[in-house]
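The values are calculated or read from the model by the stated rules, or taken from the named source; none is laboratory data. Treat the numbers as computed from the prediction; the structure is a model and nothing was measured. Cβ placement follows ideal geometry from the backbone for every residue including glycine, while neighbour counts extend to all protein chains displayed. Surface accessibility is based on the protein's heavy atoms, side chains included, excluding ligands, DNA and RNA. Shrake-Rupley method; radii C 1.70, N 1.55, O 1.52, S 1.80 Å.
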Amino acid sequence: MSKITAAKVIVTCPGRNFVTLKIETADGVTGIGDATLNGRELSVASYLNDHVIPCLIGRDAHQIEDIWQYLYKGAYWRRGPVTMSAIAAVDMALWDIKGKVAGLPVYQLLGGASRTGVMVYGHANGETIEETLDVAQHYKEQGYKAIRLQSGVPGLKATYGVSKDKMFYEPADSDLPKETIWSTHKYMRTVPELFAQARERLGWDVHLLHDVHHRLTPIEAGRLGKDLEPYRPFWIEDATPAENQARFRLIRQHTTTPLAVGEVFNSIWDCKQLIEEQLIDYIRATVVHAGGITHLRRIASFADLYGVRTGCHGATDLSPACMAAALHFDLSVPNFGVQEYMRHTPETDAVFPHAYTFSDGELHPGEAPGLGVDIDEELAAKYPYKPAYLPVARLEDGTMHDW
Ligand code: GCO
Ligand code: MG
């Protein structure tokens, strides 16, 4: 028995907002978990403070599965990003504690390493194709084996995935949602050209990825996938919104380009049909938004039955605590595909000292007991919360569209 005696929520903004849960046991062992939900940070903080922490005190920190079930089933109101991010934070913190008590890195508790390192993909973006490929070249020189390509669309003022700061892309850049304009027609011609030029310039030894960010209808996505086939993309991501999972049937009928989806999913139920019908190739659910390591393992085991591999979301709005948890999961899971890796700023890295390291296009979680990540609370206190929202998208005639 390792009794939970205290838990607190730390909100900090070292360049962007992060919500962290810190749990402490009677033996003085502490564990941390990420609870960041971009643009809705304080809702998760409140859910944790008001509804979860009071239920945790006195429980045995070692009963990770039972606590997960208690928080999930016990709320009566199941699922949803706020609830599942809060449960995820508890779950991560408890795995961290278990690892520290055992004196082992979490990946060892999950069955040990299934590979030597975790292949990651970096983000190359630019206003023009040339600029994007300059950045991609830079990633290649740094050893990246997989690179995501996003380029500006001629005729559109701003495009998803294209930022001023090339190494630290941050879409939540406004205290109220910024309005952007979208045109599928203009976009559809740009991406095949981007990939054609990318293969000429970068060659065939590097994996190339692209994020559609929920903008297309299924038949448009089928067309894009088909147009990209000659350039063998590793995947196209979030080709169409996925509330209706059957939408992916139509895309599948028209293209062999691999499909990835799921960064906004928060439970196994969001991807059940997509996986069962083998409508996707990669599931992008992530530790923080899909109920923690415990639930993500369940999703991955289910996906493995159908040949679907993992490709966890790893944008900057997932804190280093989530990145560490993802890496322990990635290193151990049999059906690993790839891990997204957007570097955090030096300010964020200083608030969250961590054991994970990058070399040769791969990340490794390190050998520190637990998750191998901490929060410097004194430093965190110097960066108070700042409201920040993701943009919204409208069509050229003003119609609201998916961002
Ligand atoms: C990705 C994502 C991000 C999201 C962001 C939202 O593939 O990395 O699409 O860029 O937009 O994480 O909070
Ligand atoms: Mg994405």
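With both residues required to sit in region 109-367, DSSP beta bridges show an antiparallel share near 20%.
Estimated purely from DSSP H runs of n ≥ 4, each contributing -39500 (n - 2.57), the mean residue ellipticity at 222 nm for the chain is -10000 deg cm²/dmol once divided by its residues.
Basic side chains Lys and Arg get +1 at the Cβ, acidic Asp and Glu get -1 at the Cβ, and with that the dipole of region 4-105 about its Cα centre reaches some 260 debye.
For region 362-374, the Karplus equation 6.51 cos²θ - 1.76 cosθ + 1.60, evaluated at θ = phi - 60°, returns couplings of 10, 9, 9, x, x, 10, 5, x, x, 7, x, 9, 9 Hz by residue, with Gly and Pro reported as x. Restriction of the trypsin sites (Lys or Arg not before Pro) in region 37-83 to DSSP coil positions whose beta-carbon has at most 13 other beta-carbons within 10 angstrom yields Arg78. Around the amide H of Gly370, modelled in the peptide plane, lie the amide H atoms of Gly99, Lys100, Leu104, Val106, all under 5 Å away and 5 or more residues distant in sequence or on another chain.
Rounded to the nearest 20 debye, the dipole size of region 109-367 about its Cα centre is 700 debye, using +1 on the Cβ of Lys and Arg and -1 on the Cβ of Asp and Glu.
Derived from the Cα gyration tensor, the three semi-axes of the equivalent ellipsoid of the chain are 34, 22, 21 Å, largest first.
Tally Lys and Arg at +1 and Asp and Glu at -1 over the other residues with C-beta under 9 Å from the C-beta of Glu170: what net charge comes out? Neighbourhood net charge equals -2. Think of each Lys and Arg Cβ as +1 and each Asp and Glu Cβ as -1; about the Cα centre, that makes the dipole of region 193-331 roughly 220 debye. Quick one: with all protein chains in place, what share of the accessible area of the chain is carbon or sulfur, to the nearest percent (1.4 Å probe)? Using a 1.4 Å probe with all protein chains present, the chain comes out at 51 percent carbon and sulfur.
On a 0 to 90° scale, report how tilted helix 81-102 is relative to the longest principal axis of the chain, with both axes built from alpha carbons and the result rounded to the nearest 10. Orientation of helix 81-102: about 60 degrees from the principal axis.
Taking the longest Cα principal axis of the chain as reference, the axis of helix 64-73 is set at about 70 degrees. For the chain, the longest principal axis of the Cα atoms and the long axis of helix 129-141 meet at an angle of about 50 degrees. At a probe radius of 1.4 angstrom, the accessible area of region 4-105 per residue rounds to 37 square angstrom. Taking the charge dipole of region 4-105 about its Cα centre, with +1 at Lys and Arg Cβ atoms and -1 at Asp and Glu Cβ atoms, the residue from Ala35, Ala102, Asn17 reaching farthest to the positive side is Asn17. Per residue, the accessible area of region 290-397 comes to 36 Å² when a 1.4 Å probe rolls over the protein heavy atoms.
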